[in-house]
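To keep things clear, I will list the structure first and then write my remarks on it.
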């Protein structure tokens, strides 16, 4: 068991496999720091390994909205506020990590594509301690944020793909309508 673990994701929109990933990370550490990547457009850069992840349509939720959803999702899953800290993490700006997360923590990640391999190599090049939760082929990834956003955009059922807190907040904030606006732009 690690004292502090840092786990990260865009969480655009937080879904059931995100929860599985977060809980796997929490099971390995006393305190979990959840880094929300692409926290704002100024700290979102395009990466060759996955060019789509920086578009507005791929990032409809604000940092604050993701923080609120993740806080409630984790609380509903039995993780107390004392066991988790949620912070921004500008993943494409490694020179800024020290301002957001403890660099002496273990950095937890899963790998299912070139982007995951790129992040692992980046963490290791920085001398960060890493722990790969799992590595699977991309076709075995499961739910993706793209799946959830596309279902919302097309008016198909999406609620079964996400935790209750995600459903509640996305309905309150009318995220499906926001996605349709972004898609039309």
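Computed from the coordinates by the stated procedures, all read-outs in this text should not be read as laboratory data. No experiment lies behind these values; they were computed from the predicted model shown. Cβ sites come from the backbone with ideal geometry, for glycine too, and all protein chains shown count toward neighbours.
A few points about this structure:
- Relative packing of 114-127, 7-20, 142-155, which averages over residues the other C-beta atoms within 10 Å, highest first: 7-20, 142-155, 114-127
- The range 1-46: projected area of the alpha-carbon convex hull, averaged over directions, in nm²: 3.6
- 222 nm mean residue ellipticity, helices alone, for the chain (DSSP H n ≥ 4; -39,500 (n - 2.57); rounded to 500): -10500 deg cm²/dmol
- Rg/Rh ratio calculated on Cα atoms of the range 52-157 (Kirkwood radius): 0.97
- Evaluated at q = 0.27 Å⁻¹, the base-10 log of the normalised Debye intensity for the range 124-185, with identical point scatterers placed on the Cα atoms, takes the values -1.15.
- For the chain, DSSP calls about 5 percent of its internal beta bridges antiparallel.
- Entry for the range 95-144 at q = 0.14, 0.19, 0.24 Å⁻¹: log10 I(q)/I(0) = -0.39, -0.66, -0.91, Debye formula applied to identical alpha-carbon scatterers, no solvent contribution.
- Cα→Cβ-extended label distance, 7 Å offset, between residue 143 and residue 1, nm: 2.8
- Across the range 68-130, C-alpha contacts under 8 Å between residues 6 or more apart give a mean separation that, scaled by the residue count, equals a relative contact order of 22 percent.
- All-pairs Cα distance distribution in the chain, expressed in whole percent, bin size 10 Å: 9, 39, 39, 12, 1
- Taking Cα atoms only, the orientation of helix 114-125 departs from the longest principal axis of the chain by about 30 degrees.
- Cut-off 18 Å (backbone N to label point 7 Å along Cα→Cβ of residue 104), residues of the range 13-45: 29-33
- Relative contact order (percent, whole number), the chain, Cα cutoff 8 Å, 6+ residue spacing: 28
- For the range 62-106, backbone nitrogen atoms closer than 12 Å to the point 7 Å from residue 23 Cα along Cα-to-C-beta are found at 74-79.
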